[in-house]
Structure formats: C-alpha cells, structure tokens
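What follows is a set of notes on a single structure, which appears directly below.
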Amino acid sequence: MLSPTELFSSATTLSIAHVLAGALVLASFMMLYQNRLSSVINVLALHSAVLGIAVGWQAAIQHAPELYITAGLALGFKAIIIPIALQRIVIRLGIHRQIEAVGGISLTMLAGIGLVALSLVVMLRTAAHADALAREDVALALAVILLGMLMMVTRRNAVSQIVGFMSLENGLILAAAGAQGMPLVVEISVAFSVLIAFIVIGVFLFRIRERFDTVDSAALDAFRGEAQ
Amino acid sequence: MLGAGSKAGLVPLHVWLPRAHPAAPSHVSALMSGVMTKVAIYAFIRIVFALVGPAAWWWGLVVLVLGGITAVLGVLYALMEDDIKTILAYSTIENIGLIFVGLGLALAFKADGMMLAAALALTAALFHAFNHMLFKSTLFFGAGAIQHATGTRDLAQLGGLIHRMKISAVPMLIAAMAIAALPPLNGFASEWLLLQAILLSPALPQFGLKLAVPAIGALVALAAAFAAACFVRLFGIAYLGKPRSQAAEAAPETDAASRSAMIGLAALCVIAGLLPGLVIDLFAPVSDNLLGVRVPTQSGLPWLTIMPVTASRSSYDPLLIALFVTISACLAFLSLRRFGSRIIRSTPAWGCGYQEFGPQAQTRLSQYTPSGFAQPIRRVFAASVFRAHDLVTIPPPGDAAPARFTSSWTDPAWATLYTPLISALDWTADRMNRLQFLTIRRYLAFVFAALVVLLVWVALWR
Amino acid sequence: MALITPLLLQLVQMALVLAIAPLLAGLVRVLKARLQRRAGPPLLQFYRDLAKLIIKDAIVATGTSWIYRAAPYVIFAASWVSASLVPSFGTNLLFSWSGDLIVIVALLGTARFCQMLAALDLGTAFGGLGASREAMFASLAEPAMLMIVFTVALIAGSSQLSVIATFMHSGAAGLRLSLGLGLVALVIVALAETGRFPVDNPATHLELTMVHEAMVLDYTGRHLALLDLAHALKLTLYMSLIACIFVPFGMAGPGAAPASLALGLLAYLGKLVLGAVLLAIFETAIAKMRVFRVPNFIGAALMLGLLGTLLLFVSATL
Amino acid sequence: MMVNSRTWQAAASDLATGRSIFVALWAEAQDDGCIIHLAGRPQGSGEVRLLSLAAPDRLFPSIAQHHPAASLMERALCDVHGLTAEASPDPRPWLDHSTPYLFKPVTGDGVHQIPVGPVHAGIIEPGHFRFSVNGETIIRLEVRLGYTHKATLGLMRGHMIDHAAQLAGRISGDSTVAYAFAFARAVEQALGIKAPPRATALRGIMAELERLANHFGDIGAICNDGGFPLMNVLTAALRERVLRLAATCFGHRLMMDRIIPGGVTTDLTAAHAKLVLTTLTDLRGQWARLFELYEKTASLQDRVVTSGWLDPMIAQRLGCGGYVGRASGQDFDARRDACYPPYDTLAITVPHLTAGDVDARLRIRMAELEQSVTVIRTLLATMPPGALCTPLPDPANLTTIERNDARVGHALIEGFRGDIFAHVRVHRGRIEDVMLRDPSWFFWPALEAAIEGNIVADFPLCNKSFNPSYSGCDL
C-alpha cells in the first residue's frame, strides 16, 4: 500500500492537513451556531469525526502509527459513543427546549471570529520561525480551544458546557498531533480522562436534576445565594 | 480630526447634524448636506495629507474604523426615522462615513508608500463626495417639494405622490437609486472604486490593517445594503402606494424651477454613473497634487470602461451594462408584444371584501407604515446597538381595552458617551462588590477573559 | 474573427441561460416531489406555465404607477444580463470585462430594489410584508456575498469572473481553507437570495409566511411570466456561480476548439443537474426557519466569508 | 331547570370564579319571547347541568360580562334570535354580516393591518383574520367567522329524529362520527333507551378511527405549515390508510351516518376486525419512525417549540378542552370524566402537558394516537355479540304522558378536537330544541390570546396547531 506521502506531493499532503484543521474550526463554529441541544451533540460527533480524520492523516504523513490509535479513539469514543450517550441523557432528562446562548448567536459568532483572528496573530508572532504549515495548524488548534471555551462561557445548559469542553479537548489533541506526535501513553490517558470526566459529569447531571429539577446552571447559582 | 470629524458628522460626534439639517429650509439643508460637510472633508484632506508631515499607519486605521462605524450607524438611524429630512441628514452621516473610509485607506496606503493605491482610495473618496453632493441635493430638493406640497415631512402621512408629482418623482427615484449604490448610477461607481481600493489592501505590510480592512469592507457593504433598504422605504412609502393622509392626496406638483433643478442634478447623477472615467480623470490632479501620483487616465479606454488597476484585475463598464439591460428589457417587451397578449386590464387589489380595503376606502390601514417596514431590521440590528424595543400589551379575552403598542430606541452616543461617567463608576463599584458571588460560568468567563487579554498582549507587544 | 467567436459564445450563453433556467427550476421541483414520494409536475411544466401566462391578459391593480408595470421588465433584464455574465461552459465571453463579480451582485441588487418598489406600489399589506422581509434578508446577504467576493478575488488576484474561473481551473489555488469557508458561505447566500429553504418556501400557499411570493402576489399574465423567469434565472445564476468558482472542471478556456466547448457544455449541464439534486435533497431534509432566525443563518455566511478573508491573509504570509 | 335572573347571575359568577366550567349557551324561540339555556359542569367533572332563563322581552343578563368564554356564543344567539345581552362587553354581531364591522381597538404609532381571508389560498373554510401589526410584531389578532352560517340547528328543529341525526353528522365534516355519537347519545337519554353493547363498542371503534385519521392529518399539516412538507406527505399516507380502512370496514371513508340514535347501522365482520388489527399494527410501526423524524429534525423543532404559547390560566378560563387544553395543563377528557359507554369499562389515561406551545399540542396528539390504538384493540378483543340497534319508540304508540311530555337529553362526547356537547328536546318523535356545541368555540379566543408575542410569519403554524373548526361555529 502506498502511503500518502508517496502518492501526493508534500505541499498537497500538508495542505490537506491544513484543510482538515480548518474544517475543525468550521465545526466549532457550527457548534456555536446551534441553539438546540441535540444538534449541538450531533455537531460534537461531527467535530470529533473531523478530528479523527485529521489525526489519522497526521499519522499517515508523519509515519507515526501510534497516532492511528489516537484517531481511532477520537472516532470511537468521541464521535460515536459519547454523542450517543449524551443524546440518551438529553432524552432521559427531557430537555428538548431551546438552550439560551448568553448574548445572541450572531454576537457569539462575531466574538468567535475575533478569537480566530487573535490566535492566528499570536501564533504568527510567537512562532515566526517555525514551519509555516505546522505553525498554522497550531494556530487553528488554538482557535478550536478558544472557541470551545467560548462555547462553555456563552452557554447556560450544563450539557452544552460539556460539549464545549469536549470540543476544547479536541483542539488540544489536534495541537498535540500536529506537533510531531506525543507519546501513546499520554493519548490514552487523555482519552480515558475524557471518558471518566464524562461519566462523572453524567452522574453529576442527574444529581443536579434530582435536586433542582433543571440542568440550567443558573439554578445552581440561585442555590448559592445569588438570586437573579 | 476631532474638529473636522464633528463638523462632517462622524460618529460619535454626529449628534448635532440630524437636528440642524432638517431645521433649515430645504435648499439650505441641501447646501448644508451637499457642501458644508464637504468643507470639513476638504479641511481634513488639507490638514492630514498636505500640512501634517508623514502620517503613521495607525492614523489610517483610526479613520477607517471610525468611517466604517459611522457609515453603518448613520444609515441604521436613517432606517428608523420617519421624518424625511432627518432620514436624509442621517444618510449624510452614512456617506461621510464612506468617504472617510476612502480617506483612511488612502492614508494607510500613503504611510506605507503605496502611492498608486493611495491615489485610487483618495479618488474613490473624492468621487463619492462629488456624487453625494449630486444625489443628496436632489433628495433634499425633493423633500422640500414634498413638504411644500403636503405641509408635512412625516413619512407616515405620505404615499402615492408619484401620481400627483409625476415629474419630480423621476429625479427623486434616480437619486434614491444612486444613493443606494445601484448600477449603473454614480453612487455605485464610486463605491465600486472604494471596494477595488479595499481589494488592494493585502499588500499592506501591517497586520492590523490587513485584518481590519476587509472587516471595514464588510461594514461598507452592510451600509450599502442598509442604504438600499432605507431608500426603498423612503421612495416606496412617500411616492408609491396610496396616500396616507388628505394632504398627500391633494399634493400639487412642485414649481418648474425646482423641477428643473432636480432634473438637472439627477441627469448629472446618470451621466457621472454612465461615464465615471471622465469624473475620475477630473479628480486626477488632486491626487497628483497631494500624493504625487495619479490614477491611470480612464477616458481614453475603449467603450469608456473604467479599469483602476489592470485589465486582468477588474474593470467596469456602466455604459455597456446599461445598454445590455436596456436591450434585454426592450427585447422582452417587444417579443411579449409579438407573441403574447397586449391587453392590460385594471381592477382594484383584493381587499378581502371589506370596505376599508376597497377602492373607495378613505383610510389606508392595510399599507405598511414606515415604522412597520423598518421593524424587522430594527429588531435584528438595532436591538443591541440602539436598545430598540417593541412593547405589546394584549388585554386578556373579554377585556374591551385596546391592545397597545409602543416602540422605543435610543441613540447610543447619548447613552454611552454623553451621559456622565458616574453611572459607569457606580456600576464598577457594584460589580467589585459582587465579585465574591461569582458563578461557575462567570469564573470560567473571567479565566477566559484573562487568557484572551494575555493573548492580545502577546499579539500586540511581543 | 478574433471577435466573432467570443461574441458568438456570448450570444450562445445568453440564449442558453434563458433556455435552461425554467428547466432547472422544473427539475428541482420534480426531484423534490420524488423525494417526498409524490409524482410531481412534469419536467416541462414551467415552460407551459410561462406560455400560458404570456398569452393571458395582464391585470394590474388600480392605483399603481408606471413603476409597477415597468418593474418586471427591468428585473428580468437585470437578472438575464447578470446570468449571462457568469461563465458557464467557457470562460471566453466577449463582455465579461464589462462587469466583475461585484457588478453582477450589484445588478441583482438593482433588480431587488425594483422588486421592492413594485411591491410597495401595490399599497397592500402583502406587498409591504414581502418587501420589508426582503430588505432585512438582503441587508445581510449582500455584505456576505461581498465577503465571498473578497475571499475569491484575493486568491485569484482579480474580481473578474473569467479570470477567476481560469485561475481556479489551472489548479493554482490548491486546497485552501478559505475557499472551503467561501463555498459554505456562498451556498447559504445562494439559498437566501434565490428564496429557497430554509429561508423562503417557493411552493407555499400561506401568504403570511411568504417573502418573494408576497412581493409578486398581485402580478398576473406576462408580468408574472417575466418575474418567474427572472427568479429561475437567479437560481441558474447562483448555481453557475458556484460551479464556475469552485468546480470549474471541464470549462473551455479562451480559443478552445468546438469539441472542448461541447465538452464544457456537457460538464456545465452535469454540474447543474448535480446542483439540482443536492438542492432538492437539502430542501427535503430541512424545515423552513423562523423569520428571525434567518438573520443568524445569513449572518453565519457573513462571518464565514469574513473568516475566509482573514485566514487568507495568514496564508498569504507563507 | 328554569331559574330567575338572580340565580342566573350567580351561575355566571360561578363560571367566572372557575368553580364550574362553561359548556354552552343557546336560546330557544317561544311564542312569547325566548328561553335562554346555559349549560355548565362542575370543575373536573363531566356531569353537565342546565339552567334556563325566560327572556320575554328579548333581554337577558349577559354571561360574557362575567365569563369571556361565553362571548362568541352569546353574540351568535343574539344574532339568530334578535336578543340583547344586557351589559355585554362585546355587543357586535357575529353571524350577521349585513353591517360594517368594527374590529377591536389598537393604539400605538405605526400600526397597520393585515387582512387575510375569508377567501384563502388553501382548501380551507372561510374565515377572516385581521392582524394589527407593526412589521412582524403582532399587536392583535381578531378572527371573524360566520361566512357559512347554514342555520343547521334551525333546520333540525321540528323534524324527525332520523333526519336531524343526518344533519348532526354534517355540522363539522371531520368530526362526523363524534357529532353523530353525541347526538345519538342525547336522543337515547331523552327517550330513555340504551344502545346495545355491540353498538357502543362499534361506536368506540369508529370514534377512535376518526381520531386517528384526523390526528395524522393534523400532525402532518402542522409540520407542513412549519415548513417541513416531507412529514405532511408521509402522514397523509397514514391518514389515507385509516380512511380506506374505514371505507372497507364501515362502507364510508368518514363513517358518515354510521351512528344513529339507538345504535349503529353497520356491523364489523370478523374478517374486517382482523384487518383493523393488522392495519393498526402496521401503522404503529410506521408512525414510530415518523415521530423519530419529528424529534430529530432540529430545524423543525426550532419552529414548533415555544411557538404559539397558550397560557394555562387562559386555557382554564376559556374552558379549552381537547389537545389545546391538555397541552396547556387542563386535565379533562370526556371519555374519562363524562364516562359514557364504551369508555366506562376502559381505563382511559389522559395525557396532559403544561408547555402550551405548538410542540406540546402536537405531542398530545401523538400520545392520543397510541391510546386510540390501545382502545381499539381492547374493544375488538372484548367485542360483545348481539343486536346493532335498539329501535326508537314509535311516536304513534306512546302513552299519554309520553305524548304530552317533551323529553330532554344531553351528552358530552370526546371528539378528536375536544368535548362535543349535544342537547336535544324531543317531543312526539320530533326535535323541539337542539344544541350541538363544537370545542372550537373556545379555541378561537384561545388562538387570539396565544398569538401574543408571536410574529406574523408564525401564525399559520399556531393556527394549524389549534385547528379549530369554522363550520362548527357557523351553525
């Protein structure tokens, strides 16, 4: 079997990697755009699938077989199992109502654009000597991380905050994969930490729900004495 | 900058303009809008380009950003106003914004030694200033004619004037289309030049400018789209449809002198739109004088095309486009006459069988009001900036009280700049007090904000 | 001779878009019907409707002005001219230099301006309803389109469509993220501008939900025929535009042999059919949006276009 | 029960406080003036009580001034009988279209109106909607009906029972079974007879089939108006299968004139019973997939969730029944609460939600589909043998007492929209007085209230989720 590096010129392989990283940014934007829980979760699946492909592509062009495992983990856990589980949680909690984005979708997306521009500028400034495409991939990964944070900050619903967190982690993995691979152990531990976090959060959610009859984190605030 | 900006009406120094312009008689407002604001622009050009020495690049950025914001906010104001002259005054603010975008771009190009591009941007700005004088004067004349004929400037009282002011409606329509930047009229020609100048911006070395200029381009396009909505509203509600008041129903045509002035100005709009090359060449000496470079001579090009940079980059031939559209329309007309029915019958529009919507009706309840027309845009765009807010109270079933509607919006310049800082101080104190009660999400937000600030710092100062 | 071929091609192009626009609109209708398990209208129904409308007498509402009667002609002519300026099967169009992509977009803006005026001229509630909604959508769609133009023009170094098509065809652009963003944005703008799902429902009978249909509600006879044709032309235009910028494969270059022109034509028709299939699938799978959700949707296109342009500057520094 | 003006007013204030629920208001012409009848039921019960007030000088104290739900019916009866309701908050005519009509007032700047109908683009009944709006913001909606006033009740009076039963089945075509059922039950009560058990079981099956067909149609139509035509064509196929099943088993797609006072006219053969069962099983599998499609289409959910919110307070005040009431927290179902055969032997669970939006009204319908299938299965499994019809007493063979006494009966039957009320007075085999009240009387004002906070473009969606009957209110 021919590897991509033999099939395509190096410029093409790198630009495909670049496009995949960009697709991840696009998926982050799609996530910001959604205002319905089930579609947010669907976009998370897409997000993780794109990550899987991107990491898989990195594995191929870097000849780093351990990255295939990362890609597989992303595809298996984050693109399939976790979204399905989250969907179940959403259905069990019966929260099909609208989730309010704090401050409107368009404004959030505008902020997102600003964050992408910021991460590009930062990377261009700080890593001026690095390889151009690797630098940009890191810039895009940083953008994904920032967008994930933005998602967590602008959403009230605990489930969408979790989704934002997962997309943030996807950005981290993309950054790591781009940086000429990281040890397999780290990858696996990352994947497991996500899984554990997910389980904990899942239990946590039901707990919140039991006690406050809502998963709007604003309700927690009220409980802490900050009545709004 | 502060002086010229407030004179010309740059946001947030614009607050005087929409109050002063409508107060004056129409021909004076025409002069004020058309000429006086231009004096400020002239002063600005004189000071910045000629008197002050080499400018830093960020001057250009400041002018660009102010211009872009002015353009969008100005036209948003115009969209929400009902008084024709106030609309026109706010639209002046928009156009000043566009001109300043051109000037800012010219400044930035000049600071980086890209003289040809600077000349293009400057020419675009001057061209637009010239165009603005033409169509805004026409519009103010038209507004004066309306006020004279009906005794009101309130759009909500007008309607159907095209049937009684048959002749003066035509230059008004041309001017409205020109100011809405529609081809093949002059407003589009200058805006097209401006966009071409914006397209040259990637060659700028500064990163901030590179990123900001396309965003300003988006603002320019937004302003142009709003302007189209604004002047559809102005012309469509004042001149089209059915009269909304007795006065509008009995409006006489304006006098011959005004008519001919309007027609003359509108004709100039058309000519400047169809033959922009001639006008551009007219402004060549200015950029030659100020920048030492001129835009390539346009009038010698075949078919009177304009081609600001090179042929492979872009070109625009309004004459040919106009010709094509005319020929196509005529072709359609003639072939429909040849092959189709030639008969036009006329019946009243369906009014659901109700007298109040029938042909003899006195009231025009079913027509959109100016504020109703602007409502979707008001709700989408002005809700945050202008705090536009609609309040509806429907009495419960069985209650005979009327349903109430109130709509309000405020000028953010008043709210944010001119109201004292005290409230801001209060707010800060209050916030500090509340820091200890932060929520999980807010903690996150603070961490996030700190990170972003850090990144910005890295981006700008490292 | 050097002038004759481009002229001929230009004339062929004008005739072509006019001829296939109803077919394309009809094809989308048929495909949608099939996807909904309905038989649907015959493929050529649009032509029959046009023929029927043309021979019928036109009825105009009393109290409307000359603008109401002139508007259909202007709208049709502007749409036709813009559609003729978008390269379809070959890039070598005689008049392509008379207007770049910005001009084409603005010309559609002129058509829209006239459409809105004509709607207001009626003095009925539905005319105003359609016009005010159109104004809201257009105020975001136009800047979004311009950002797409920026992205593409900065990559190709020109806003001239024939130059862009040649550049894209040459493969020099490569795989670019900005182009991907631009494509997504352009699809959104195209859906909004041509009044398709999820922005507008071209097949609805519910007056209160209409946008484009509300503006032409009272038009009849030949006027309606022109407006319907103009609407179909707009759909063709946007599909051609997407094909020309993003999938220029098979397009005949300047001075191409008749064989490659024929190939280009085939490729063009193939792209249109593919576009129609994708559109039909998309329209079947999605529900129409709430009116005030549409600005978010088109706003997303604006943001993507802006993002595409911004990313470009980063790439340009490579 | 004939009452005086004071008791009448007391009853009205009972309605206003919510102690009792308004059911119907109608008038009966006498030689000397009119008699006004008011039907109400205690909160949470299906037991209807009647009050009658003589109005010799064609004047009566308005019920609407205390209880707005009565307003439309009060206006209608004033038009028909030339009565005047004293202190009525809304004395405008309802059925009488001969004079210019003043719509309810609206104040504010920049308000304009959008008139829609009575001629509509779709194949629906005539009704005029007047929106007072500012752009997209709806400031007030007012509905005006009465374009197809057919004087159906007037046509029934003085006629033989069988003729009147046919007319009853034609008051609102989509609810023909429910109306015939209600009328038959009222007549049976008046004459003191009982339909045979097999007939009541068949009536139940027909009523549930009608509910299935209409709910399928409604669910599709709501999604269609939400801009998702795919759902409409898919549910239209399901509806068509139910209609064909009805045609095969009962000889008429809508099962019109299949229920008559005393019983039913058509039997269900064993083979057809099997066909019903297999069809239902098949349909059930199909609609499960459709509901999944509904829930998973985020763009559609975006349209229906939170649109057209009806305040449970208003739903309660107006006495909204059916899916409208049950989606807004009203726990009432005539099948359970009025407890009539065949439902008296079945355990009916009433699904109800509190969300009050379009989505909730659609989900109630979905839940009711499930329930209808269960009911039909139970009825088929326990189908008793026996006669189909109890003959009505022959007017010629009546005892003297029966001949001189008019007999009164009424019934509350759950149609697919909600509870249909029927009242008859029979004398010597002829209908003397009759009232058939559609649940839509309360849906129209509820729709006007639910439109608050919605935009013009969402009205068709809201309207379809209520799906009130025009014909049922144009009696």
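The values are calculated or read from the model by the stated rules, or taken from the named source; none is laboratory data. Small disclaimer: the values here were computed from a predicted structure and weren't measured. Here the Cβ positions follow ideal geometry from the backbone for every residue, glycine too, while neighbour counts run over all protein chains shown. Ligands, DNA and RNA are stripped out before the accessible areas are found, and what is left, the full protein with its side chains, is counted by its heavy atoms. Shrake-Rupley method; radii C 1.70, N 1.55, O 1.52, S 1.80 Å.
Remarks
- Helix-only mean residue ellipticity at 222 nm for chain D, each DSSP H run of n ≥ 4 adding -39500 (n - 2.57), per residue, nearest 500: -13500 deg cm²/dmol
- Burial ranking of peptide ranges B:367-376, B:281-290 (average Cβ count within 10 Å, highest at the top): B:367-376, B:281-290
- Computed log₁₀ I(q)/I(0) - Debye formula, equal Cα scatterers, no solvent, segment C:4-317, q 0.08, 0.11, 0.15 Å⁻¹: -0.35, -0.67, -1.27
- Solvent-free Debye calculation, one equal scatterer per alpha-carbon of segment D:1-50: log10 I(q)/I(0) at 0.26 Å⁻¹ equals -1.03.
- Kirkwood-based Rg to Rh ratio, segment C:114-188, C-alpha trace: 1.21
- Using the Stokes-Einstein relation with a Kirkwood hydrodynamic radius computed over Cα pairs, the translational diffusion coefficient of segment B:368-408 at 4 °C and a viscosity of 1.567 mPa s comes to 112 µm²/s.
- Inter-probe distance in nm under a simple model that places probes 7 Å from Cα toward Cβ, at D:V233 and A:R125: 5.6
- The convex hull defined by the C-alpha atoms of segment D:413-475 has an orientation-averaged projected area of 5.1 nm².
- FRET efficiency estimate (nearest 0.05) - Cβ-Cβ, A:A85 to B:L454, R0 22 angstrom: 0.05
- Hydrodynamic estimate: the Kirkwood radius of segment C:166-281 over Cα pairs, inserted into Stokes-Einstein at 37 °C and 0.692 mPa s, corresponds to D of 202 µm²/s.
- Heavy-atom accessible surface of D:C339, to the nearest 10 Å², is about 70 Å², with a 1.4 Å probe and all protein chains retained.
- Local electrostatic count at A:A143 - Lys and Arg +1, Asp and Glu -1, tallied over other residues with Cβ under 11 Å: -2
- In range of the label at D:R284: residues from segment D:335-373 whose backbone nitrogen is under 19 Å from the point 7 Å along Cα→Cβ: D:346-351, D:364-373
- For the residues of C:28-40, the average number of beta carbons from a partner chain within 10 Å of their own beta carbon is 2.
- Rg/Rh (Cα only; Kirkwood hydrodynamic radius) as it applies to the protein assembly as shown: 1.00
- Taking all C-alpha pairs of segment D:1-101, those more than 23 Å from each other amount to 21 percent.
- Over the Cα atoms of segment D:356-475, the radius of gyration divided by the Kirkwood radius equals 1.13; this is the Rg/Rh ratio.
- Sorting the Cα pairs of segment B:172-239 by distance into bins of 5 Å, from 0 upward, gives 4, 17, 22, 19, 13, 10, 7, 4, 2, 1 percent per bin.
- On full extension, the segment bounded by B:A257 and B:C330 gains 23.0 nm, given 0.36 nm per residue less the C-alpha separation.
- Once you divide the Cα radius of gyration of segment C:1-114 by 2.2 N^0.38 Å, the number left is 1.32.
- Percent of C-alpha pairs per 10 Å bin in segment A:39-85, short distances first: 34, 46, 18, 2.
- Rounded D (µm²/s) - chain D, Kirkwood Rh over Cα pairs, Stokes-Einstein at 25 °C, 0.890 mPa s: 107
- For the segment A:139-148, counting C-beta atoms of other chains within 10 Å of every residue's C-beta and taking the mean gives 1.
- Cα-only Debye scattering, segment B:239-391: base-10 log of I(q)/I(0) at q = 0.09, 0.15, 0.16 Å⁻¹: -0.70, -1.10, -1.10
- D:I348 paired with C:I281, simple spin-label distance in nm, labels 7 Å along Cα-to-beta-carbon: 4.7
- The trypsin sites (Lys or Arg not before Pro) of segment C:1-90 that DSSP puts in a loop, and whose beta carbon has at most 12 other beta carbons within 10 Å, are C:R37.
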